[in-house]
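Have a look at the structure below, then the notes.
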Amino acid sequence: MHKLTFFAILLFSVQAANAQENYLEEIANKACSCIQEKKDNQESVTKAELGICLFKYAGDYQTQFKEDHDIDLNDLGGNSGVRLGEVLGAKMMFVCPDLLVEFSSDEEAESAITGTITNIFDETNVLIEITTPDGKRQKFYWLTFIETDFDIQNSYNELKGKNVTIKYVERDIFDPRINEYRTFGVISSLELLQ
């Protein structure tokens, strides 16, 4: 009798695990197709479009996500949104790894700008404004380690008026003044020019 009970529990567990795998695989397949379709119709896929593809198909499985992963699809702020991305991203890596790798490398593409530092703002983070030779002004944030030969940590205010080349990546950062995400240039390296 105990063997029969154990076998029944084991069979139920295997069926439950298969059901969980099935809906995650179904969402991953549909989301990958959605991303590929967007990619075929435009030059690149944005992070927001990736999210739309994920949420479009995950919404049909609200109960399963809550039970299996403690993810509340009605409240994706905080951990639920991150967890949903982790769970589905892991499954999608087996379905369309090339698309995801291409997407992540596009997100971290580094750009460069050359010009004169015209302003340095000490706010919560340091904001550096550059004027290019054609008169265009752009602002860049110092949020992480900056690769440079200059003692930037102790002397960044001395950069005003200097000609530099800045390499940066674009990041979506929450702006509390407008209560939404904005794209900012985040400095990754700074080179002083003669």
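The rows are residues; the columns are (1) at pLDDT below 85; (2) acidic (D, E); (3) in contact with a strand residue (DSSP E or B) (Cβ under 8 Å, 6 or more places away or on another chain); (4) in a helix (DSSP H, G or I).
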| site | (1), (2), (3), (4) |
| --- | --- |
| A19 | yes, no, no, yes |
| L24 | no, no, no, yes |
| A28 | no, no, no, yes |
| E49 | yes, yes, no, yes |
| Q64 | no, no, no, yes |
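Starting from the stretch 170-183, take each residue that is in contact (Cβ under 8 Å) with a residue 60 or more places away in the chain and over 15 Å from L127 (Cα atoms) and list its partners that are open to solvent by less than 100 Å² (accessible area, probe 1.4 Å) and assigned to a strand (DSSP E or B), counting only C-beta distances under 9 angstrom and pairs at least six apart or across chains.
D172/R182; D172/T183; D172/F184
Under the condition of being assigned to a loop (DSSP other than H, G, I, E, B) and either among the small types (G, A, S) or on the phi < 0 side of the Ramachandran plot (or both), which residue from the stretch 170-194 is most open to solvent (accessible area, probe 1.4 Å)?
Q194
Could you list all residues from the stretch 85-124 that are open to solvent by 60 Å² or more (accessible area, probe 1.4 Å), at pLDDT below 85 and not small (G, A, S)?
E86, M93, F94, D98, V101, E102, D106, E107, E108, E110, E123, T124
Are there any pairs with C-beta distances below 7 angstrom linking a residue in the stretch 90-110 that is closer than 27 Å to K167 by Cβ to a residue that is in a loop (DSSP other than H, G, I, E, B) and modelled with pLDDT under 80, with the two at least 6 apart or on different chains, and if so which?
F103/V45; D106/S44
Determine whether N157 is polar (S, T, N, Q), closer than 12 Å to I187 by Cβ and without any contact (Cβ under 8 Å) to a residue 40 or more places away in the chain. Before the answer, list the steps.
Numbers: polar (S, T, N, Q): yes; closer than 12 Å to I187 by Cβ: no; without any contact (Cβ under 8 Å) to a residue 40 or more places away in the chain: yes.
Answer is no for this residue.
From V82, V14, which residue is under 24 Å from R182 (Cβ atoms), open to solvent by less than 90 Å² (accessible area, probe 1.4 Å) and at pLDDT below 85? Can you show your working first?
Details: V14 fails: under 24 Å from R182 (Cβ atoms).
Checking each option against the conditions leaves just V82.
I166 - would you say it is open to solvent by less than 90 Å² (accessible area, probe 1.4 Å) and at pLDDT 85 or above?
Numbers: open to solvent by less than 90 Å² (accessible area, probe 1.4 Å): yes; at pLDDT 85 or above: yes.
Yes.
Run down D72, D149, D134 and say which single residue is surrounded by 12 or more Cβ atoms within 10 Å (Cβ to Cβ), among the charged types (D, E, K, R) and assigned to a loop (DSSP other than H, G, I, E, B).
Only one candidate passes the filter, namely D72.
The values are calculated or read from the model by the stated rules, or taken from the named source; none is laboratory data. All figures in this text were calculated on a predicted structure; none of them were measured in a lab. Cβ: placed from backbone, ideal geometry, glycine included. Neighbour counts: every protein chain shown. Protein only, heavy atoms only, side chains kept; ligands, DNA and RNA dropped before computing areas. Shrake-Rupley method; radii C 1.70, N 1.55, O 1.52, S 1.80 Å.
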